[in-house]
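First the structure, in the form of structure tokens, and then the observations on it.
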Amino acid sequence: MKIIECPRDAMQGISEFIPTDIKAAYINQLLKVGFDTIDFGSFVSPKYIPQLRDTAQVLEQLDLENTNSKLLSIIANTRGATDACSFEEINYLGFPLSVSEQFQLRNTKKSIAQSLSTVEEIQNLSVKNNKELVVYLSMAFGNPYGENYHTDIVAELTKKLQKLDIGIVALSDTVGVSSPKNIAPLFSTLIKEYQSIEFGAHFHTIADKWEEKLESAYQNGCRRFDATLKGYGGCPMAKDDLVGNMPTEKLITYFAEDLGLNKQELEKSLTLSISVFKR
């Protein structure tokens with residue numbers, strides 16, 4: 001079981017700038033918990049995500065000596081990937097590839113076809129720089145734009161990603177439209193069909209729907225979950241109002257097994273998150 005803690009997703013939609021030292025202190029606390037990966041920042045134009053314009057400065061303040069957690073940074077183009085690759089501390093690059101043409105244009109200013117070419121360029125950069133590329137298939141469960149949606153579209157994009165040797169694909173419910181009805185067939189089909197790919201779940205959800213989404217993905221083979229403490233966050237590039245993330249603490253309680261996490265440091269992180277995000 002892998003938990004990807006996503007303070008980057010929790011922070012990116014907040015309009016009031018969170019000081020760099022506060023970001024770094026919070027992420028340093030998360031690094032003590034034992035999460036598989038920390039999605040900590042973004043090398044995206046500050047014009048679009050101003051909150052994360054200090055990612056490089058945050059990275060300088062992180063204490064990576066006593067943690068096994070890996071670092072992931074989101075990028076949206078080759079230039080951002082090049083910037084991220086210059087930091088040895090970063091293990092994963094995360095690229096958003098949408099099933100929705102409208103959202104892809106909104107998010108990266110490129111079409112899906114153009115973005116697939118970008119994925120190939122970034123994959124080559126990642127391999128060359130000893131990084132691993134994680135592709136987030138956003139709007140994987142539907143979209144709010146009235147565009148045609150079918151699981152076959154997701155499968156076709158996945159097939160193209162497999163041909164590019166992408167090893168991790170996170171199926172992303174960008175605006176909270178997923179339900180067991182569409183989660184179950186998507187995970188069960190893709191996991192069976194593309195065994196060389198590790199599939200993750202990046203769910204946005206309202207408070208009373210998190211458990212059914214988590215349960216459906218888990219029962220259909222998913223063992224990699226993105227989450228944020230207390231469910232903070234959402235995608236500022238989406239059309240709808242921000243829908244929160246999967247709450248990490250509820251995910252941990254649901255599994256009711258030893259996930260190898262430091263519970264004391266987890267409690268400290270929960271307490272600290274309140275002061276960071278209640279701004």
Filtered residues of region 254-275 (kept if exposed (fewer than 12 other Cβ atoms within 10 Å of the Cβ) and outside any helix (DSSP H, G or I))
A256, E257, D258
Single residue of I153, I168 found to be at pLDDT 95 or above and either in contact with an Asp or Glu (Cβ under 9 Å, 6 or more places away or on another chain) or of a type in the set (A, V, I, L, M) (or both):
I168
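Table: residues versus (1) crowded, with 21+ Cβ neighbours inside 10 Å; (2) within 25 Å of T253 (Cβ to Cβ); (3) in contact with a Leu (Cβ under 6 Å, 6 or more places away or on another chain).
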| site | (1), (2), (3) |
| --- | --- |
| L133 | yes, no, yes |
| L137 | yes, no, yes |
| A140 | yes, no, yes |
| E147 | no, no, no |
| T151 | no, no, yes |
| D173 | yes, yes, no |
| Q195 | no, no, no |
Residue identified as touching a Cys at 6+ places or on another chain (Cβ under 7 Å), modelled with pLDDT of 95 or more and of a type outside the set (D, E) among A184, A201, A217
A201
For region 115-127, indicate whether the set of residues that are in contact with a Leu (Cβ under 7 Å, 6 or more places away or on another chain), among the β-branched types (V, I, T), in a helix (DSSP H, G or I) and closer than 30 Å to A184 by Cβ is non-empty.
yes
Please go through region 142-192 and pick out each residue that is charged (D, E, K, R) and not in a strand (DSSP E or B).
E147, D152, E156, K159, K160, K163, D165, K181, K192
Need the failing condition index for R8 against (1) surrounded by fewer than 20 Cβ atoms within 10 Å (Cβ to Cβ); (2) touching a Gly at 6+ places or on another chain (Cβ under 9 Å), just the number.
(1)
If you check L71 against the conditions, is it within 28 Å of L259 (Cβ to Cβ) and either touching a Lys or Arg at 6+ places or on another chain (Cβ under 6 Å) or part of a loop (DSSP other than H, G, I, E, B) (or both)?
no
Could you look through region 197-226, keep only residues that are in a loop (DSSP other than H, G, I, E, B) and in contact with a strand residue (DSSP E or B) (Cβ under 6 Å, 6 or more places away or on another chain), and pick out the one that is surrounded by the fewest Cβ atoms within 10 Å (Cβ to Cβ)?
I197
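The values are calculated or read from the model by the stated rules, or taken from the named source; none is laboratory data. Being a predicted model, the structure only gives us computed values, none of them experimental. Here Cβ is always computed from backbone atoms with ideal geometry, including for glycine, and neighbour counts include all displayed protein chains.
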